[in-house]
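In what follows, a structure is listed as structure tokens, so that the remarks can point back to it.
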Amino acid sequence: MTDFQTIFDTYDWLDVQTSIYSKTAADVEQALANPRRTLEDFKALLSPTAAPYLEQMAQLSRQATLKRFGKTIRLFAPMYLSNECQNICTYCGFSFDNKVKRRTLTDAEILAEVAAIKEMGFDHILLVTGEANQTVHVPYFQNALRLIRPFFSNISIEVQPLDQADYETLIQEGLYSVLVYQETYHRNKYKAYHPKGKKSNFNYRLDTPDRLGKADIHKIGLGVLLGLEDWRTDSFFCAAHLDYLQKTYWQTNYSISFPRIRPAEGITTPDLIITDKELVQLICAYRLFNEEVELSISTRESEKFRNHIIQLGATTMSAGSKTNPGGYVIEPDTLEQFEISDERSPSQVAEVIASQGYEPVWKDWDRAYFV
Ligand code: SF4
């Protein structure tokens, strides 16, 4: 069976980048008119040449999203379980070489954070950790899932990549989905951004969605960290990854996230900026390429941007997020992984969604329907 790495190795970064930047207005118009858009069409829609077509892209993206998802925005909250990490990632506040106080939540602390998140109305939760395989490992995740499962119908994780058997174990404990971002598909630059720790193994990370597909997970979340490398080229590779996965593991659902690098203590951020307008172009390009995929916008983005994107293609949003372990009630003032931009409460975000004629969805899935 072919895996994505085999397909990925047939591409050359520079060739892909050149191809995107050579797209013409005729390529963009053909992509807009094509009812079954291809990866070549996605390249055209991503290209600088497509910028003057943004209004048309936004209208088509809105129509496609309404057709598939209706007027709904799903809401979830992230819950950081630990900021221990054995990796050096040059862009992250939790990097091993950043001298910050480390904390991994105990059972009692997990339950206290859970109560605070439930109180805000959430039924979907995303559990987040650094990568500390000695202490925050599969047994820790199993225990956390057992504690949390009675309170949430939909549990996702964003933790270190695991083996297929580990995912199978966690799915038995109620795990619904796994988010694993490649950060960048530029193999050489990946090494520079991840000089130490297990995360420096590019191939193991690249193979993770394949292991998840084989483990029969309900949903896989993909993305790149926008700002590390040329966002157009990185996003092409992410879309190619999505395309391969959907064709191979067709029972699984997929989501794309758009994390833009945010400031964090102790790090210098790269300056390959993606502007707000370009991010809208990227979101619309994904929707035109793929009408099924969930598109998720976090509180890294500003109030203004998030208000605007509700009607243009987004399907999912976090709200009221804390990006430090214990951030909701246990120890709100510890170091965050990155600074939040949209600091509104979940109810304020829900009000804005409703004011635009959309339904804020707190719950849309229950394991009981599927077992
Ligand atoms: S990005 Fe993840 S793996 Fe890298 S330092 Fe931060 S928490 Fe650790």
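It is to be established whether one or more residues within the range 211-222 are more than 26 Å from Ala314 (Cα to Cα) and either touching a residue at least 60 places away in the same chain (Cβ under 8 Å) or not small (Gly, Ala, Ser) (or both). Yes, some residue in the range 211-222 is more than 26 Å from Ala314 (Cα to Cα) and either touching a residue at least 60 places away in the same chain (Cβ under 8 Å) or not small (Gly, Ala, Ser) (or both). All conditions but one from (1) open to solvent by 40 Å² or more (accessible area, probe 1.4 Å); (2) aromatic (Phe, Trp, Tyr); (3) in contact with a Ser or Thr (Cβ under 8 Å, 6 or more places away or on another chain) apply to Phe151; the one that does not is (3).
Out of Ile148, Ile117, Ile125, which single residue is in contact with a Phe, Trp or Tyr (Cβ under 7 Å, 6 or more places away or on another chain), away from the ligand (no atom under 16 Å from the Cβ), within 30 Å of Leu245 (Cα to Cα) and outside any loop (DSSP other than H, G, I, E, B)? If you could, list the steps in order and put the result at the bottom.
Working: Ile148 fails: in contact with a Phe, Trp or Tyr (Cβ under 7 Å, 6 or more places away or on another chain); Ile117 fails: within 30 Å of Leu245 (Cα to Cα).
Checking each option against the conditions leaves just Ile125.
Scanning the range 84-104 for any residue that is away from the ligand (no atom under 16 Å from the Cβ) and closer than 16 Å to Val128 by Cα turns up nothing.
In the range 85-109, the residues that are closer than 20 Å to Asn143 by Cβ and open to solvent by 70 Å² or more (accessible area, probe 1.4 Å) reach residues that are more than 9 Å from the ligand (Cβ to nearest atom) and in a helix (DSSP H, G or I) with C-beta atoms within less than 9 angstrom, at least six apart or across chains, in these pairs: Asp107/Asn143; Asp107/Ala144; Asp107/Leu147. The set of residues in the range 196-233 that are farther than 28 Å from Gln251 by Cα, open to solvent by 10 Å² or more (accessible area, probe 1.4 Å) and touching a Ser or Thr at 6+ places or on another chain (Cβ under 6 Å) contains only Glu229.
Yes/no per residue for (1) closer than 29 Å to Asp234 by Cβ; (2) at pLDDT below 95; (3) touching a helix residue (DSSP H, G or I) at 6+ places or on another chain (Cβ under 9 Å):
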| residue | (1), (2), (3) |
| --- | --- |
| Thr269 | yes, yes, no |
| Asn290 | yes, no, yes |
| Thr299 | yes, yes, yes |
| Glu351 | no, no, no |
| Trp365 | no, yes, no |
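Identify, by number, the condition in (1) outside any strand (DSSP E or B); (2) of a type in the set (Gly, Ala, Ser); (3) under 15 Å from the mean Cα position of the chain (by Cα) that Gly221 doesn't meet. It is condition (1) that Gly221 fails.
State whether one or more residues within the range 324-334 are within 22 Å of Leu228 (Cβ to Cβ) and open to solvent by less than 50 Å² (accessible area, probe 1.4 Å). No, that holds for no residue.
The values are calculated or read from the model by the stated rules, or taken from the named source; none is laboratory data. Since this is a predicted model, take the numbers as computed values, not measurements. Heads up, the Cβs are rebuilt from the backbone with ideal geometry, glycines too, and the neighbour counts pull from every protein chain shown. Protein only, heavy atoms only, side chains kept; ligands, DNA and RNA dropped before computing areas. Shrake-Rupley method; radii C 1.70, N 1.55, O 1.52, S 1.80 Å.
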